[in-house]
Amino acid sequence: MKAVLITIGDEILSGNTVDTNSNFIAAELKKIGIPVVQIFTISDEISAIKNTLKSAFEIGDVIITTGGLGPTKDDKTKIAFKEFFNDELVLDAETFEHLRKLFEKRNRTHLLELNKPQAEVLSKAEIFQNEHGTAPCQMIQENGKTVFSLPGVPFEVKPLIKEKIIPFLAEKFGLNHIVTHTVSVVGIPESLLSEQIESWELALPKEISLSYLPVGNRIKLRLTTHGKNQQELDEKILIEIEKLKPLIGENVISWDGDDIVEILKEILTEKNLTISTAESFTGGELSKLLTSISGSSTYFLGGIVAYDYQKKIEILGVSAKTIQIKTVVSAEVAQEMSAGAQKLFKTQIALSTTGVAGPNSDEFNTEVGTAFYSIRVNDFEKTSRIYLPHFERNDFAKFVSQRVLQDLVEVLIKEKY
């Protein structure tokens with residue numbers, strides 16, 4: 001079984017809006033064993049929608065469209081679906097009642113008539129009510145294909161996919177569970193790692209696949225299997241991971257962690273450590289990562305984005321003399337920034353970044369793509385330099401931020417904090 005995703009909207013094509021829906025939907029479909037084999041991004045034109053639906057029918061078994069649904073009478077997605085499936089639009093009483101209650105709750109009953117077209121659906125469609133918005137999800141089954149038409153707003157798409165569409169597909173097609181476990185390895189090149197675990201890899205049961213996924217200075221070993229019983233699948237993979245431990249134990253920072261932020265959270269919570277940040281060119285990206293998961297308030301106490309060097313002096317206590325002699329982008333300034341953050345927030349751990357992300361150099365003519373970061377854990381301190389001149393500025397900030405957290409995890413494990 002294969003899936004095709006269709007993102008509808010001129011705002012996506014223009015680059016004004018980022019398509020996060022496709023990534024999310026593909027990941028959720030993968031969990032029940034449905035791979036996405038094609039993703040289309042198209043305009044709000046009826047002909048484009050119909051032509052793409054035709055192509056999708058030739059490629060996939062499950063087709064999911066997002067976007068193009070709204071309160072206006074000239075809703076082109078709905079019209080395109082009506083023409084493609086040779087159907088008619090009818091007023092769905094359940095959807096209209098959902099709209100009435102929604103507008104009543106928001107004290108906007110005067111807008112009900114304007115939004116009435118959203119309760120018009122294809123006569124062939126089965127309706128999945130959108131609890132977080134007005135436009136429902138419509139499902140049409142024809143010629144062995146299952147097609148879903150969803151609104152485009154991500155906070156409406158996600159619950160529809162997770163709570164309604166995925167359970168429906170899993171039950172309808174009796175799909176297998178897909179189980180993955182990820183072992184995160186540092187401090188060893190991929191080629192050497194492959195050689196070191198070759199005998200273990202060759203002995204893996206045929207139903208378990210292994211992937212090498214380099215991320216920054218970390219290599220993720222992802223083990224995947226599928227079947228009907230999720231508990232049995234988990235146990236099979238864990239047995240193989242136990243066999244792996246004697247081979248690479250000293251290089252592993254997590255035996256089942258994919259996201260570095262989740263791995264760090266587990267360590268900080270277990271060790272009861274607090275953390276703070278002092279950022280320059282990363283512009284808050286470190287703080288954003290640290291606070292991106294629930295529960296981070298128990299260990300992350302705060303951060304400072306001291307972009308201007310005078311603020312580094314005033315807020316973080318960086319020495320003006322250090323900046324004058326060593327320049328802002330230097331190991332010494334990074335070290336003083338982390339010391340300042342540690343003192344300011346009274347945390348055991350402090351992280352700092354200073355660099356030039358481009359496209360222009362700074363007033364000290366530092367090469368674009370140069371960065372230093374400092375990791376401070378109690379009295380221990382580690383400073384690192386990165387030079388990546390070809391990175392776009394936002395990508396550079398994100399890469400360095402991920403790298404800092406990965407290095408911190410390694411420090412916390414290897415230095416026995």
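The values are calculated or read from the model by the stated rules, or taken from the named source; none is laboratory data. Not measured: the values here are computed from a predicted model. Cβ atoms come from the backbone with ideal geometry, glycine included; neighbour counts cover every protein chain shown. Areas reflect the complete protein model, heavy atoms only, side chains present, ligands, DNA and RNA absent. Shrake-Rupley method; radii C 1.70, N 1.55, O 1.52, S 1.80 Å.
Note on E88 and L112: with the Förster distance fixed at 22 Å, the Cβ-Cβ geometry gives a FRET efficiency of about 0.45. Annotation: per residue accessible area for the chain equals 49 Å², rounded to a whole number [probe 1.4 Å, protein chains only].
Expressed in units of 2.2 N^0.38 Å, where N is the residue count, the Cα radius of gyration of region 3-173 is 0.98. Under the simplified labelling scheme, the L388-S211 pair shows an inter-label distance of 2.0 nm, with each label point 7 Å from Cα along Cα→Cβ.
Using C-alpha pairs under 8 Å with a sequence gap of at least 6, the mean separation divided by the residue count of the chain gives a relative contact order of 10 percent. Ordering of 385-391, 356-362 by packing is 356-362, 385-391, highest average first (other Cβ atoms within 10 Å, averaged per residue). Computed in the context of the full set of protein chains, the accessible area of region 3-173 at 1.4 Å probe radius has 49% of its extent on carbon or sulfur.
Length gained on full extension, K346 to Q324, computed as 0.36 nm times the residue gap minus the Cα-Cα distance: 5.2 nm. In region 177-254, what percent of the accessible surface is made up of carbon and sulfur (1.4 Å probe, ligands and nucleic acids excluded)? On region 177-254, the fraction of accessible area on carbon and sulfur atoms equals 50 percent. Remark: spin-label model distance N378-K398 equals 3.6 nm, labels positioned 7 Å along the Cα→Cβ axis. Size descriptors for region 260-415 (Cα atoms only): Rg and Dmax, in that order, 14.5, 43 Å. The candidate values are [x] 24.9; [y] 22.8; [z] 21.9; the one derived from this structure for Kirkwood radius over Cα pairs in Å carries the label [x]. In this rough spin-label picture, where each label sits 7 Å from Cα along the Cβ direction, the T291-E250 distance is 4.0 nm. Spatially, region 371-417 and region 122-183 are offset by 40 Å when compared through their Cα centroids. FRET efficiency for the E198 to L238 pair, using the beta carbon distance and R₀ = 30 Å, is estimated at 0.90. Compared with the direct C-alpha span, the chain from E367 to T269 gains 31.5 nm at full extension, assuming 0.36 nm per residue. Quote the accessible area belonging to L247 in square angstrom, nearest 10, computed with a 1.4 Å probe and with ligands, DNA and RNA left uncounted. About 60 Å², ignoring ligands and nucleic acids.
Placing R0 at 22 angstrom, the Cβ-Cβ distance between S123 and N51 gives a FRET efficiency of 0.40 after rounding to 0.05. Largest to smallest in accessible area, the residues Y299, Y212, Y307 fall in the order Y307, Y212, Y299 (1.4 Å probe, all protein chains included).
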